[in-house]
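Down below is the structure, laid out as structure tokens.
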């Protein structure tokens, strides 16, 4: 089952509440304050994040089992943990990036 989590939108504008994720070369902001769970992403030059994610918005869904949800899918970004209790991966669906997230029940926002 897929549960909506957030919408990620690339931007080139700095935002006051940005949080830096050095391993991905990206600044993220907005998720905590947006009633619609919009997350703004500003990428550094040379970011290792695939171009598809840097150029196009993505929708993120929470899943119960990340590995099972990746079976038979085109994986764009392999599973990783951007924060404690959260594992994510990106797939390509009809040419668009989609983020799948597994969140430990005690860490669910």
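No value in this document is a laboratory result; all are computed from the given coordinates. Just so it is clear, the structure is predicted and the values come from calculations on it, not from any experiment. Glycine gets a Cβ as well: all are built from the backbone with ideal geometry, and neighbour counts include every protein chain shown.
Ranking of 12, 69, 83, 47 by neighbouring Cβ atoms within 10 Å, starting from the fewest: 12, 83, 47, 69. When the helices of the chain are scored as -39500 (n - 2.57) per DSSP H run of n ≥ 4 and the total is divided over every residue, the value at 222 nm lands at -2000 deg cm²/dmol. The computed Cα extents along the principal axes in Å for the structure shown corresponds, within (1) 42, 29, 22; (2) 36, 30, 24; (3) 48, 36, 18, to (2).
Based on the Cβ-Cβ distance of residue 80 and residue 4, what FRET efficiency does E = 1/(1 + (r/R0)^6) give at R0 = 30 Å, to the nearest 0.05?
Details: r = 21 Å, r/R0 = 0.70.
So, using R0 = 30 Å, E works out to roughly 0.90.
Report the full-extension gain for the segment residue 33 to residue 13: residue separation times 0.36 nm, less the Cα-Cα distance, to one decimal in nm.
Numbers: separation 20, 0.36 × 20 = 7.20 nm, distance 1.73 nm.
Full extension of this stretch gives 5.5 nm more.
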